[in-house]
Structure formats: structure tokens, C-alpha cells
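Please read the structure below before turning to the comments.
The values are calculated or read from the model by the stated rules, or taken from the named source; none is laboratory data. Computed from a prediction, not measured in an experiment: that's the story for all the values here. Cβ sites come from the backbone with ideal geometry, for glycine too, and all protein chains shown count toward neighbours. Please note that ligands, DNA and RNA were not included when accessible areas were found on the heavy atoms of the full protein model with its side chains. Shrake-Rupley method; radii C 1.70, N 1.55, O 1.52, S 1.80 Å.
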Amino acid sequence: NLRGAEAALSAGVHKVTIPVSASEAHSLANVRKTREDMIDTVRDIVALRDRIAPKARIEAGISTAFGCTIQGLVAEDDVIRMAALCAAAGVDDCGLSDTTGYANPAQVRRLFRRMRAEIGEKAGAAHMHNTRGLGLANCLAAFEEGVRTFDSSLGGLGGCPYAPGASGNVVTE
């Protein structure tokens with residue numbers, strides 16, 4: 001949120017990642033805002049960054065890009081639309097997040113390819129969970145599409161309390 005971004009930017013962080021869900025149900029559960037309200041929040045955070053920390057980077061992490069445990073199917077068009085809205089709001093990068101661990105390599109390739117076609121060089125990182133054991137295969141698929149930044153966690157810790165059943169992130173090791 002804006003308050004957290006202000007604290008982070010004031011503390012001198014180099015990058016802030018804002019979770020923006022492609023799933024309306026997940027957005028309401030996770031941040032208590034509609035997807036459109038989150039785009040307004042993104043604009044506010046970008047404006048704040050421009051005022052107080054112009055060298056810091058802002059990334060929108062498009063959550064539930066590959067499916068949602070609350071809503072179910074998330075249309076790829078919704079994912080691309082949210083990435084385009086975040087890019088237009090001024091973020092430096094948009095990443096795709098497999099918040100639930102539902103992704104498969106073919107889907108990862110297709111969605112990163114579509115996002116890059118839509119927003120060009122603002123297409124950024126991959127955030128993969130390992131719920132079904134495909135986390136590393138999905139990272140490889142993203143790498144093959146040009147992604148070079150990957151979120152990971154020590155020992156595979158992590159997850160999302162608003163994505164029931166989703167396990168941790170891919171392991172750094």
C-alpha cells in the first residue's frame with residue numbers, strides 16, 4: 001500500500017514490488033481492493049517514488065496470473081490487461097506471479113510471450129511457486145522467453161495466506 005511504499009522508499013530501498021492481482025476475488029481477499037483500485041494505488045506509489053526517490057524502481061507483480069484458488073480460472077486477457085494498465089501507470093517492470101502454483105511450462109511461455117508483445121521491455125520477473133512440483137520447469141520456460149529475474153526463497157519457504165493450498169516459492173538453492 002502507499003504507506004508501506006513510503007516507508008520503504010524513505011528507508012532507501014532500490015526497488016518496490018507491488019502485488020496486483022489478475023483475479024478480482026484474490027485482489028479483494030489479499031488487499032481488500034478491486035483490481036481497478038489497485039491500479040490507482042500503483043499510480044499513487046509511482047507518483048510518490050517520483051517525488052521522494054526517483055532512482056528507485058517500481059515493479060508490479062501480477063499475482064494469480066496462472067490461476068486462482070478462490071476464483072479458479074483467470075483469463076489470460078485479464079492478466080495482459082492488468083500488466084498493460086500497470087505499465088501505463090508508470091511502473092518500470094511487470095512480472096508474472098504463479099501465486100497458487102497452478103502454472104505449467106506451456107502456459108508460462110505463452111503468457112510471457114503475450115506480455116512482452118503487449119508491454120515490450122517492461123516485461124519483467126517470474127515468481128513461481130512449487131505447489132505441483134513444476135516451479136523449476138516453469139522458471140526454465142520463463143528463461144527461454146527472455147526472463148532473467150526470478151524470485152525465490154531459501155528452503156522454499158513462502159506462500160500466500162489468500163491462496164489456500166499453495167506451497168512455497170521455488171528454492172534459491
Residues that are assigned to a loop (DSSP other than H, G, I, E, B) and buried (at least 24 other Cβ atoms within 10 Å of the Cβ), drawn from region 85-101: VAL91, THR99, THR100, GLY101
Of the listed residues (LEU2, LEU9, LEU28, LEU48), the one being hydrophobic (A, V, I, L, M, F, W, C), closer than 16 Å to VAL91 by Cβ and surrounded by fewer than 18 Cβ atoms within 10 Å (Cβ to Cβ) is LEU2
Can you tell me which residue within region 122-158, out of those that are open to solvent by 50 Å² or more (accessible area, probe 1.4 Å) and touching a strand residue (DSSP E or B) at 6+ places or on another chain (Cβ under 6 Å), is nearest to CYS86 (Cα to Cα)? LYS122
Condition met for ASP77 (among the acidic types (Asp, Glu) and in contact with a His (Cβ under 9 Å, 6 or more places away or on another chain)): no
Given (1) closer than 17 Å to ASN1 by Cα; (2) open to solvent by 10 Å² or more (accessible area, probe 1.4 Å); (3) of a type in the set (A, V, I, L, M, F, W, C), identify the lone condition not met by ILE119. (1)
Test ALA29 against the criterion of being in contact (Cβ under 8 Å) with a residue 12 or more places away in the chain and within 12 Å of the chain's Cα centre (by Cα), and give yes or no. no
Residue that is of a type in the set (Ser, Thr, Tyr), within 22 Å of THR149 (Cα to Cα) and in contact (Cβ under 8 Å) with a residue 40 or more places away in the chain, where the choices are THR17, THR69: THR17
